[in-house]
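To start, the structure itself, in structure tokens.
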Amino acid sequence: MERTLPGADIERLFIAVKLPAMLSELLRNECAALSSELKFAKWTHFEDYHITLQFLGDTPKPEIPALLEALRKVSEEGSPFQLQLAQWGVFGLPEAPRVLWAGISGDLEKLNSLQRSVVSSTRPLGFTPEARAYNPHLTLARKYRDERPFSMERLESLSSERLPRDAESGVLDWTVDGFLVYATRMHAIPMYELIEKFTFFR
């Protein structure tokens with residue numbers, strides 16, 4: 001189903017789990033320290049850190065109420081679960097990645113179940129899920145542009161003061177108690193605007 005209608009009033013939407021403010025600030029500080037050494041074209045604004053559940057794309061505004069109603073039913077069936085920031089990685093060529101990301105650990109089965117429920121709820125409305133397997137992560141930077149090749153070894157050597165990795169400390173843990181719908185505002189800072197927040201009922 002084609003989502004974009006000529007001349008239609010549309011919103012470019014996606015559904016996501018937001019990173020809490022404390023962890024966003026931790027990642028913000030670390031990325032700021034690394035950005036002078038790792039030349040990416042764009043570093044994600046700290047208020048935009050999120051885990052995508054489904055990208056919806058251009059959506060005519062008259063269709064949004066039905067979408068929100070379908071997602072409300074998902075939230076009514078959901079329950080809170082724990083996630084944790086994990087190791088960093090890249091997508092693309094190892095020496096010139098297109099994306100630098102932070103990984104996620106914790107109750108990934110519940111996260112995957114939530115993602116499947118979201119996709120199932122939006123499919124009857126004409127939203128097509130991505131064909132590739134779901135791979136939850138937080139995008140930190142895009143388009144490596146340094147003359148010096150990127151390497152994970154270099155990243156680790158630059159990150160000696162990185163976030164604590166002790167799972168027992170709980171520093172990197174957070175409770176997911178719902179999900180959000182965002183609209184993209186191209187060229188704005190931050191770039192994502194909250195449309196609706198859904199909190200789990202259970």
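Is at least one residue of the stretch 19-41 farther than 30 Å from residue 126 by Cβ, part of a strand (DSSP E or B) and in contact with a strand residue (DSSP E or B) (Cβ under 6 Å, 6 or more places away or on another chain)?
Within the stretch 19-41, one or more residues are farther than 30 Å from residue 126 by Cβ, part of a strand (DSSP E or B) and in contact with a strand residue (DSSP E or B) (Cβ under 6 Å, 6 or more places away or on another chain).
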Checklist entry - Does the stretch 134-170 hold any residues that are among the aliphatic types (A, V, I, L, M), within 25 Å of residue 47 (Cα to Cα) and modelled with pLDDT of 85 or more, and which are they? => result 138, 140, 141, 155
Checklist entry - residue 131 passes all but one of (1) touching a helix residue (DSSP H, G or I) at 6+ places or on another chain (Cβ under 9 Å); (2) modelled with pLDDT under 90; (3) not acidic (Asp, Glu); which number fails? => result (1)
Checklist entry - Which condition number does residue 124 fail, the rest of (1) in a helix (DSSP H, G or I); (2) surrounded by 16 or more Cβ atoms within 10 Å (Cβ to Cβ) being met? => result (2)
Item to check | Condition check for residue 16: among the hydrophobic types (A, V, I, L, M, F, W, C), at pLDDT 95 or above and within 22 Å of residue 107 (Cα to Cα) | outcome: yes
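Residue by residue, here is whether (1) of a type in the set (Phe, Trp, Tyr); (2) closer than 19 Å to residue 172 by Cα; (3) modelled with pLDDT under 95 holds:
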{"residue": "36", "(1), (2), (3)": "no, no, yes"}
{"residue": "41", "(1), (2), (3)": "no, no, no"}
{"residue": "81", "(1), (2), (3)": "yes, yes, no"}
{"residue": "98", "(1), (2), (3)": "no, no, no"}
{"residue": "110", "(1), (2), (3)": "no, yes, no"}
{"residue": "114", "(1), (2), (3)": "no, no, no"}
{"residue": "124", "(1), (2), (3)": "no, no, no"}
Checklist entry - Within the stretch 37-83, how many residues turn out to be out of contact with any Lys or Arg (no Cβ under 7 Å at 6 or more places or on another chain), closer than 14 Å to residue 177 by Cα and not hydrophobic (A, V, I, L, M, F, W, C)? => result 6
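The values are calculated or read from the model by the stated rules, or taken from the named source; none is laboratory data. This is a predicted model, so every value here is computed, not measured. Backbone-built Cβ (ideal geometry, glycine too); neighbour counts: all protein chains shown.
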